[in-house]
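Read the figures in this text as sums done on the coordinates, not as results from a lab. Here the structure is a predicted model, which means the values were calculated and not measured. Every residue, glycine as well, gets a Cβ built from its backbone with ideal geometry; the counts of neighbours run over all protein chains shown.
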C-alpha cells in the first residue's frame, strides 16, 4: 500500500446506505449537522458487524469504548428521503485508541456531502484506557490490507 | 373482507425493517419510548413510497399533512442493534384525515414490542384542513383490499 | 375533589418551560411530532424533581419504571426558538401503574399546542410490575390535593 | 487583547446551562456524543439572542448560514439529569465564515466534559457564500472585546 496516496485519496472497502428520516432534518429544510454523527454511528456498527467485531447489544463486543474526538466537514446539504452512502475505513489503531474515517456521499447525485472522523478509546469500567485487543487489531488490519500494523 | 375480524386482528400487507441505533436508546438500556414514533415515520414513508404516494422531499407528495394524534402502547423493550419489523396499514380515510395503524415486532424473538396509530390531516398552506385527494384514497383502498371506501 | 369538573378542566399545579431547539424541528418547519414526547419527559422530570421523587441519575428515584402508553393530540404547530409551557399533573395512581397528563401551550401566543398523557408501570429488574411505593403515592396525592387516594 | 494568551486560555464571556435529558443519553449510560452538538446549538442561539442577533424563527436573523465544520473533543462523560455549563465565544470572523468555540463543563463537579468548535458560512438562497454583515461583525467584536476586527 502506498501510504502517501492513501493519505490523499483514502481507499474505502466498506460502505452502508441510509435514507434521511424526517426527524433528522430541521427547519432549514436539511439534515441537522449533529445528526450526521448518528449516520457515522450506523456506518461504524455495520462495518464492525461485517467484521464480526460487533455482536449483541454492545457497539464493540470485545471491550467498551468512548468517543474522544468527533469531526465533520460539511460539503453540501442532504434532504428528506434522500439516500446517502456512508464510506467507512479504519485510519489507524494505536495502543488504546483507534480512528475511523468517513465519507458521506449523495447516492443519486454522486456528490460529496461530508467527510470526517471519530477517534475512540478502549476503556475499562472506570473509564480508564486499556489496550485494544490483538484480535480487534488483526481483523481490521487484514480487512484494510495493512501489510504490517504496529500500534 | 370481514370487517369485524379485521378489527380484532388487523391484516398487515406491508412491513419494513429497522435496526435500533445507539442514539435511539437511553440510559435505561432500551429504546426511548418517544423514538418509536420515528420508527413509525420510517414505516409510513416506506409504505407510501411503495404505493407511489411519496416522491421527492415531501412525506406525502400530493398534499401537505400534519399529525393530529399519535398513540403507542408499549409491550416489551428493544435494545441496541436489535432488528424490529414495523407492520403498517391504513385503518381508515375520512374526508380530510386518515389513520395509519402500526405493530412493531422484535425480529429474532418474534415478540410484540408496541402497537399504535397516527392520525393525519391534509392541510393547505395556512394549516386549514383540505379534502384528501381521490387518487390517494383510491390507491390505498386498492392496496388494502377495501371493497368500497366511502369517506 | 369534584371528579367531573376535574375531567372537564383538569387543574395543573405545576409547569415547566422549554424553548424549541433547531434539531427538534423538521423540514416541514415545525417541531417533529415525536419530539413532543421529549418535552413531556422534561416536564415529568421537573415535576418529580420538584416533589423530591427524582434524584440522581434515575427518572424516578424509588423504583424503575417503563412507559406503557403514550398519547398526544396536536392542536397547533410550534417553531424554532418558540417558548412552550408544559403543564403537568398526575391523573391517577393505580396499584403498579400511574398516569401523567400534559398540556403544552405556546407561551407568547397563549394557544394550545398539544394535550396528552403517558402511563407508566413500576417494574423490577426483570421488567415485572411491582407496587408503586407508598411514599411516591402520598407525596403526589398531597401535591395534587387528592382528599383520599385509593389505588 | 493579547492574542497569544487568548489562544492558550480563551476567555468566555457568555455561558448557558442545560440539563441532560433522558433521550439524549444512550444505552452506555451517558450522553451520546453526537447530542453534544445539540448543546452547542442551544448555546450558540442563546449567545446570539443575548446579542440581539437571533430573532424569530431563524438561527441568525440577518442571513442564512450553514455549518461547514463541527468538532468536539470529549474529556469526561455526562449522565441523566446532570447540569452542564456551555461556555461560548466567537473565535474569529472571516469574510463569509465565522467560528464559535465551546467548552462544556459539569456544573456540580466542575470538570471539563468537552471542548470544540463549529465553523459557519453565511449563504444566499442558492447556498453560495455571502459576506457576513457589518452589523453582525461589529456587535460580536464589541462583545468579545476585540480592539480591531479585520475580516
Seminar exercise, completed: For residue D:109 and residue D:11, extending 7 Å from Cα along the Cα-Cβ vector and measuring point to point gives, in nm, a value of 3.1
Seminar exercise, completed: For the stretch C:43-112, one quarter of the surface area of the C-alpha convex hull, expressed in nm², comes to 6.0
Exercise. How do the peptides C:35-43, D:137-145 rank, highest first, by the average count of neighbouring beta carbon atoms within 10 Å per residue?
Worked result: C:35-43, D:137-145
Exercise. By counting other Cβ atoms within 10 Å of each Cβ, how are D:112, C:80 ranked from fewest to most?
Worked result: D:112, C:80
Problem set entry | Expected 222 nm ellipticity per residue - DSSP helices of 4 or more, -39500 (n - 2.57), all of chain C, to 500 | -6500 deg cm²/dmol
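Over all residues in A:75-87, what is the mean tally of Cβ atoms on other chains that come within 10 Å of each residue's Cβ? Mind dumping the intermediate values first?
Working: counts 1, 2, 2, 0, 3, 9, 9, 2, 0, 0, 0, 0, 0.
Partner Cβ neighbours, averaged per residue: 2.
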For this session: On a C-alpha basis, how far is the centre of the stretch B:48-101 from the centre of the stretch C:70-117 in Å? Whole number, if you could?
Result: 22
Exercise. In the Gaussian network model of chain C, springs joining C-alpha atoms below 10 Å, which of C:127, C:12, C:117 carries the largest mean-square fluctuation?
Worked result: C:127
Exercise. What are the semi-axes of the equivalent ellipsoid of the stretch D:79-151, taken as the square roots of 5 times the eigenvalues of the Cα gyration tensor, listed largest first and rounded to whole Å?
Worked result: 30, 16, 9
Exercise. In angstroms, what radius of gyration and Dmax does the protein assembly as shown have, counting Cα atoms only?
Worked result: 25.0, 80
Exercise. Taking Rh as the Kirkwood radius computed over C-alpha pairs, what is the Stokes-Einstein D of the stretch B:14-77 at 10 °C in a medium of viscosity 1.306 mPa s, expressed in µm² per second?
Worked result: 118
Exercise. What is the ratio of the Cα radius of gyration of chain D to 2.2 N^0.38 Å, where N is its residue count, to two decimals?
Worked result: 1.07
Seminar exercise, completed: For the pair residue C:63 and residue A:19, the simple spin-label estimate (label points 7 Å beyond Cα toward Cβ) gives in nm 4.2
